1. Which of the residues that make up region A:86-117 are open to solvent by 10 Å² or more (accessible area, probe 1.4 Å), aliphatic (A, V, I, L, M) and not in a helix (DSSP H, G or I)?
2. Hey, does region A:119-141 have a residue that's surrounded by 23 or more Cβ atoms within 10 Å (Cβ to Cβ), assigned by TED's automatic domain parsing to the domain that holds A:I223, of a type outside the set (S, T, N, Q) and in contact with a Gly (Cβ under 6 Å, 6 or more places away or on another chain)?
3. Restricting attention to region A:280-309, and to residues there that are touching a Lys or Arg at 6+ places or on another chain (Cβ under 6 Å) and open to solvent by less than 20 Å² (accessible area, probe 1.4 Å), which single residue is nearest to the other protein chains (Cβ to nearest Cβ)?
4. With the requirement that a residue be among the acidic types (D, E) and either farther than 22 Å from A:H191 by Cα or free of Cβ contacts under 8 Å to residues at least 60 places away in the same chain (or both), what does region A:230-267 give you?
5. Within region A:210-230, can you find the residues that are under 19 Å from the mean Cα position of the chain (by Cα) and outside any helix (DSSP H, G or I)?
6. Return the residue satisfying two criteria in turn: it lies in region A:238-258 and is under 22 Å from A:D73 (Cα atoms), assigned to a loop (DSSP other than H, G, I, E, B) and open to solvent by less than 40 Å² (accessible area, probe 1.4 Å), and of such residues it is farthest from the other protein chains (Cβ to nearest Cβ).
7. Looking only at residues in region B:192-215 that are charged (D, E, K, R) and either without any contact (Cβ under 8 Å) to a residue 24 or more places away in the chain or crowded, with 22+ Cβ neighbours inside 10 Å (or both), which one is nearest to B:G313 (Cα to Cα)?
8. Determine which single condition A:V188 fails, assuming it passes every other condition in (1) without any contact (Cβ under 8 Å) to a residue 40 or more places away in the chain; (2) farther than 23 Å from A:D73 by Cα; (3) touching a helix residue (DSSP H, G or I) at 6+ places or on another chain (Cβ under 6 Å); (4) open to solvent by less than 20 Å² (accessible area, probe 1.4 Å).
2 protein chains.
Amino acid sequence: MIVTILHDEHLPDGLGAVERVAEVRYATADTLAEALPGTEVLLVWDFFSHALEAAWPAADSLRWIHVAAAGVDTLLFDGLVNSDVVVTNSRGIFDRPIAEFVLASMLAFAKDVPRSLRLQDGRLWRHRETEQLAGTSAVVVGTGAIGREIAGLLRAVGVEVVGAGRRERSGDPDFGEVRLSDDLESYVGDHDWLVMVAPLTEQTEHMVGERVLAAMKPTARLINVGRGELVVTEDLVASIESRSIAGAALDVFETEPLPAESPLWRFENVLISPHMSGDARGWRDRLAKLFVDNVERYVAGDGLRNVVDKQRGYVASDS
Amino acid sequence: MIVTILHDEHLPDGLGAVERVAEVRYATADTLAEALPGTEVLLVWDFFSHALEAAWPAADSLRWIHVAAAGVDTLLFDGLVNSDVVVTNSRGIFDRPIAEFVLASMLAFAKDVPRSLRLQDGRLWRHRETEQLAGTSAVVVGTGAIGREIAGLLRAVGVEVVGAGRRERSGDPDFGEVRLSDDLESYVGDHDWLVMVAPLTEQTEHMVGERVLAAMKPTARLINVGRGELVVTEDLVASIESRSIAGAALDVFETEPLPAESPLWRFENVLISPHMSGDARGWRDRLAKLFVDNVERYVAGDGLRNVVDKQRGYVASDS
């Protein structure tokens, strides 16, 4: 069995168990086409890479691709979607860190942390009133594992939560109520926080545009830890400029790294971070371990963990 | 009945119910001695004021003092402590906001929020790994209502908590284990966070000095939302400078406002805020309402809420 690892400057550690059962090839975007012939298993460690589509004709023996990320939007293309190649992702690794990151962003706004830091830099003592987070209300768009972890953490600190997804339902174990994400505009105005963690698909792309933003409370804030393309960037900039919403915490962007000329950098009520919300110390080791576990299942003929529904673009159930 | 209100530039709202049952006098530090003769009830609305001690000889009819703060250290002096005058405080108003503020500070450190903001100001995209808060461990010094609220909130987000107080015990409903605060040095090294919320008394003054700081993990951080005098400021500065601890979030200081020349302002791993952790929007209204409620109890001859043990310097039980 040949296992190929598509990587950038970072290489995974702890793959000894894979090396014992397979020939392991290492490839970068430039050398992937050379490495693919004969490859049965591909680990996409460089998860922002688009290299596979170009090298696809060389994939003569490929049966399974494992992605070291939760979102697989970068990877999926028609040839792969319509093939028999199984895709798995790294669901579970990022849940708690991302949920904590969302809570950190909300508390930073509620307790005016950015202003405190800027006043500190000027050695200025200026008392302000803070906001209480408990009793506020959030809509979490995305009802996968990360959205569920966010919902649980927010509820634990007294925030009311509803979910938004493709199917309306009540009695959900994590969300209670799940509303239709297509109808977001009609109920987003009832909430103080809009948290975006949906996978990027044709249905979710640019879901948050002018109309949803206009429907938000002027005191509400947007948190995006999903994908930049869930939001229409220029509409967000306009709503921040016109103060039609109170702020945004953005960890993901339509173009990454966020270009220096983006107006988003300069707003005092926008928090920018560089796509790091899920990357708690040790994340690479946990990603490698999950892959090793799945390789062991593959070799044993057991069911793989985190099989992606390639039509939908995410893990559809507790696989 | 005469009720006198000691205030600064802020006046309490919503005292109509008091005005209906009493003559209400308004006084500042300068005019307190004139207002006190005949006064039966004093509301210390300007809770940082030391004016009462100087005006004490004029307090010929005083029976009850209500303080619009949780800490009464600024108010207590021997003449008052040894008198029959009852002191009540505003326990309960600040609990949740302060607990959220502590959590906000911890998450700001864990998720590297200050560095993200400084990078944002420079329009710089620099990926970093974050810390996971769940699974870390905190010791909360102060087992009053605010300490209990902090313990509950931290546990809700997966932080392990022990309390530290005057009496060792296990099976505490909020803390589980409570250790002796006098022995802090011997166990503080087992924890990632040291949260100070004890009342300022002779026993707690300068509790966190060179020895406790030296016993902390180099990765641990101090959060002080109690009183500045709980900490030896120059020892804290030394331990930040020598990196013997990883950081501090300070909302209270030995001198307030923190003087511009203080070295604390300039550390990137120290978060400074201006004694605002409890002051969530609407706090003044809630303080006034608590006083009105206590006046109604006083007039009805019912027991007052939040009676302070003047010898100990805080509300000793659920009164």
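1. If the condition is that a residue be open to solvent by 10 Å² or more (accessible area, probe 1.4 Å), aliphatic (A, V, I, L, M) and not in a helix (DSSP H, G or I), then A:V86, A:I93 are the ones that fit.
2. Just the residues of region A:119-141 that are surrounded by 23 or more Cβ atoms within 10 Å (Cβ to Cβ), to begin with: A:130, A:133, A:138-141.
This time we only want the ones that are assigned by TED's automatic domain parsing to the domain that holds A:I223, so: A:130, A:133, A:138-141.
Then keep just the ones that are of a type outside the set (S, T, N, Q); that gives A:133, A:138-141.
Add one more test, that the residue is in contact with a Gly (Cβ under 6 Å, 6 or more places away or on another chain), and what stays is A:140.
Scanning region A:119-141, I find at least one residue that is surrounded by 23 or more Cβ atoms within 10 Å (Cβ to Cβ), assigned by TED's automatic domain parsing to the domain that holds A:I223, of a type outside the set (S, T, N, Q) and in contact with a Gly (Cβ under 6 Å, 6 or more places away or on another chain), so the answer is yes.
3. Keep residues of region A:280-309 that are touching a Lys or Arg at 6+ places or on another chain (Cβ under 6 Å), which gives A:294, A:304, A:306.
Restricting the remaining residues to those that are open to solvent by less than 20 Å² (accessible area, probe 1.4 Å) gives A:294, A:306.
Values: A:N294: 23, A:N306: 20 Å.
Filtering region A:280-309 for residues that are touching a Lys or Arg at 6+ places or on another chain (Cβ under 6 Å) and open to solvent by less than 20 Å² (accessible area, probe 1.4 Å), the one nearest to the other protein chains (Cβ to nearest Cβ) comes out as A:N306.
4. Initial filter on region A:230-267 (among the acidic types (D, E)): A:234-235, A:241, A:251, A:254, A:256, A:261.
A:E234, A:D235, A:E241, A:E254, A:E256, A:E261 - these are the residues of region A:230-267 that are among the acidic types (D, E) and either farther than 22 Å from A:H191 by Cα or free of Cβ contacts under 8 Å to residues at least 60 places away in the same chain (or both).
5. Start the filter on region A:210-230 by keeping residues that are under 19 Å from the mean Cα position of the chain (by Cα), which leaves A:221-230.
Listed by number, the residues that qualify are A:R221, A:L222, A:I223, A:N224, A:V225, A:G226, A:R227.
6. A:V252
7. Going through the qualifying residues, I end up with B:E202.
8. It fails just one condition, (1).
The values are calculated or read from the model by the stated rules, or taken from the named source; none is laboratory data. Here the structure is a predicted model, which means the values were calculated and not measured. Please note: Cβ atoms are built from the backbone with ideal geometry, for glycine as well, and neighbour counts cover all protein chains shown. Heavy atoms of the whole protein, side chains included, go into the accessibility calculation; ligands, DNA and RNA do not. Shrake-Rupley method; radii C 1.70, N 1.55, O 1.52, S 1.80 Å.
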